[in-house]
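> Sharing a structure, written as structure tokens. Questions coming.
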Amino acid sequence: MKAGMIILKTHKEIEIMREANRIVAEILQKIGETIQPGTTTGELDKIADRMIEQAKARSAFKGYRMRNQKPYPASICSSVNEEVVHGIPGSRVLKEGDIVGIDVGVVYKGFVGDAAKTFAVGKISDEASNLLHVTEESLYKGISQAVEGKRLMDISGAIQNHVETHGFSVVRDFVGHGVGRKMHEPPQIPNYRSPGWNPRLQAGMALALEPMVNEGTWRIKLLDDEWTAVTADGKLSAHFEHSIAITDNGPLILSEV
Ligand code: MF3
Ligand code: CO
């Protein structure tokens, strides 16, 4: 069924999406247990590859094309420090004090699971730790608004308020999204109140909420690899994402183990 452009999911479909997202959550958990000073981002990508294969799923990211970019080459995104999102894993060695955003997407039984977390590498600064906490809290503020009868911008506004109250800024160039058989379905979900389409929320909607939060300016730049987004001022950025479903009983987080 459709509500405007938004594809509503049946109970059965939401159950499958829960399975897809559980695979993602298990991969994020394993990666979190692995990360320490000396780990390379490429090793983390291999862990994801192996677990995706074991689960009989496939990567939603590998080969994905956004706009006119070249196809994405890996199963995870790994974004270190001033990298906002879409960092490409490889030989980079993580060091004590770094923060690293890990984003994972899989397709399982025809449905996409999509989630992300930012991890501390060893001991990090109080400022970095605060950024991680505020970003993750803002995700949960957004989730708490994902109830029938509220509107899309209630989610966006809750995220923005929390972030800005703590003196950080919300990235504007990337958004959360509807999720289902495709990774990116309508609606786009900005992490700030924005004018335009503001649909009422309904049971059966499946949404990927993903605040990207910067320590300094919200402005970003794209690196020459055509994927990696970095903060324009070189300050830190964090990213947390959950896929959720709106149910008669409120929001259901799909991407938990
Ligand atoms: N969670 C991100 C998104 O929803 C991940 C996309 S990475 C890509 O856009 F490589 F697949 F583009
Ligand atoms: Co996403």
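The values are calculated or read from the model by the stated rules, or taken from the named source; none is laboratory data. Note that the structure is a prediction, hence the values are computed from the model and not measured. When we count neighbours, we look across all protein chains shown, and the Cβ atoms used for this are built from the backbone with ideal geometry, even at glycine. Each accessible area value is taken on the protein alone, full model and side chains, heavy atoms only, with ligands, DNA and RNA left out. Shrake-Rupley method; radii C 1.70, N 1.55, O 1.52, S 1.80 Å.
> Restricting attention to region 122-149, and to residues there that are part of a loop (DSSP other than H, G, I, E, B) and more than 16 Å from ligand 2 (Cβ to nearest atom), which single residue is modelled with the lowest pLDDT? If you could, list the steps in order and put the result at the bottom.
First, the residues of region 122-149 that are part of a loop (DSSP other than H, G, I, E, B): 122-125, 145-149.
Right, trim to more than 16 Å from ligand 2 (Cβ to nearest atom) and you get 122-125, 145, 147-149.
Numbers: Gly122: 98, Lys123: 98, Ile124: 98, Ser125: 98, Gln145: 98, Val147: 98, Glu148: 98, Gly149: 95.
Out of the qualifying residues, it is Gly149.
> Output the residue which, of all residues in region 155-179 that are free of Cβ contacts under 8 Å to residues at least 24 places away in the same chain and within 26 Å of Asn249 (Cβ to Cβ), is surrounded by the fewest Cβ atoms within 10 Å (Cβ to Cβ).
Here the answer is Asn161.
> Here's something else I'd like to know. Looking at Arg50, Arg22, Arg65, which one is within 16 Å of ligand 1 (Cβ to nearest atom) and basic (Lys, Arg)? Walk me through how you get there before you give the answer.
Details: Arg50 fails: within 16 Å of ligand 1 (Cβ to nearest atom); Arg22 fails: within 16 Å of ligand 1 (Cβ to nearest atom).
Residue meeting the stated conditions: Arg65.
> Could you check Tyr140 against (1) hydroxyl-bearing (Ser, Thr, Tyr); (2) free of Cβ contacts under 8 Å to residues at least 24 places away in the same chain; (3) surrounded by fewer than 16 Cβ atoms within 10 Å (Cβ to Cβ) and say which number it fails?
Only one criterion is unmet by Tyr140, namely (3).
> If you check Leu207, Leu252, which single one turns out to be open to solvent by less than 10 Å² (accessible area, probe 1.4 Å) and over 19 Å from Leu131 (Cα atoms)?
Numbers: Leu252 fails: open to solvent by less than 10 Å² (accessible area, probe 1.4 Å).
Residue meeting the stated conditions: Leu207.
> Now for a separate question. As an exercise: evaluate Asp103 against (1) within 13 Å of Ile76 (Cβ to Cβ); (2) free of Cβ contacts under 8 Å to residues at least 60 places away in the same chain and give the number of the one condition it does not meet.
(2)
> Evaluate the following for Ala48: is it modelled with pLDDT of 95 or more, surrounded by 14 or more Cβ atoms within 10 Å (Cβ to Cβ) and in a loop (DSSP other than H, G, I, E, B)? Talk me through it step by step, then tell me what you get.
Details: modelled with pLDDT of 95 or more: yes; surrounded by 14 or more Cβ atoms within 10 Å (Cβ to Cβ): yes; in a loop (DSSP other than H, G, I, E, B): no.
No, not satisfied.
> Could you identify the single residue in Ile124, Ile88 that is within 13 Å of ligand 1 (Cβ to nearest atom) and open to solvent by 10 Å² or more (accessible area, probe 1.4 Å)?
On the way: Ile124 fails: within 13 Å of ligand 1 (Cβ to nearest atom).
Matching residue, one of Ile124, Ile88: Ile88.
> Among the numbered conditions (1) open to solvent by 30 Å² or more (accessible area, probe 1.4 Å); (2) farther than 22 Å from Gly167 by Cα; (3) of a type in the set (Ser, Thr, Tyr), tell me where Ser78 comes up short.
(1)
Yes/no per residue for (1) assigned to a strand (DSSP E or B); (2) open to solvent by less than 50 Å² (accessible area, probe 1.4 Å); (3) touching a residue at least 40 places away in the same chain (Cβ under 8 Å):
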| residue | (1), (2), (3) |
| --- | --- |
| Arg181 | no, no, yes |
| Gly216 | no, yes, yes |
| Asp224 | no, no, no |
| Trp227 | no, yes, yes |
| Lys235 | no, no, yes |
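> State whether the residues of region 150-165 include one that is at pLDDT 95 or above, in a loop (DSSP other than H, G, I, E, B), more than 13 Å from ligand 2 (Cβ to nearest atom) and over 15 Å from Ala206 (Cα atoms). Give the derivation first.
Narrowing region 150-165 to residues at pLDDT 95 or above: 150-165.
Cutting the leftovers down to in a loop (DSSP other than H, G, I, E, B) gives us 150.
Now drop any that are not more than 13 Å from ligand 2 (Cβ to nearest atom), which leaves 150.
Subsequent filtering for residues that are over 15 Å from Ala206 (Cα atoms) retains none.
No, the conditions are met nowhere in region 150-165.
> Does region 96-107 contain at least one residue that is closer than 17 Å to Ile27 by Cα and surrounded by fewer than 22 Cβ atoms within 10 Å (Cβ to Cβ)?
Initially, region 96-107 is screened for residues closer than 17 Å to Ile27 by Cα, giving 100-107.
Add one more test, that the residue is surrounded by fewer than 22 Cβ atoms within 10 Å (Cβ to Cβ), and what stays is 107.
Yes, there is a match, as at least one residue in region 96-107 is closer than 17 Å to Ile27 by Cα and surrounded by fewer than 22 Cβ atoms within 10 Å (Cβ to Cβ).
> Whether any residue in region 97-106 is in contact with a Cys (Cβ under 6 Å, 6 or more places away or on another chain) and under 18 Å from Ile253 (Cβ atoms) is what I want to check. Lay out the reasoning, then the answer.
We begin by selecting, within region 97-106, every residue in contact with a Cys (Cβ under 6 Å, 6 or more places away or on another chain); these are 103.
Among the residues that remain, those that are also under 18 Å from Ile253 (Cβ atoms) are: 103.
Yes - at least one qualifying residue is present in region 97-106.
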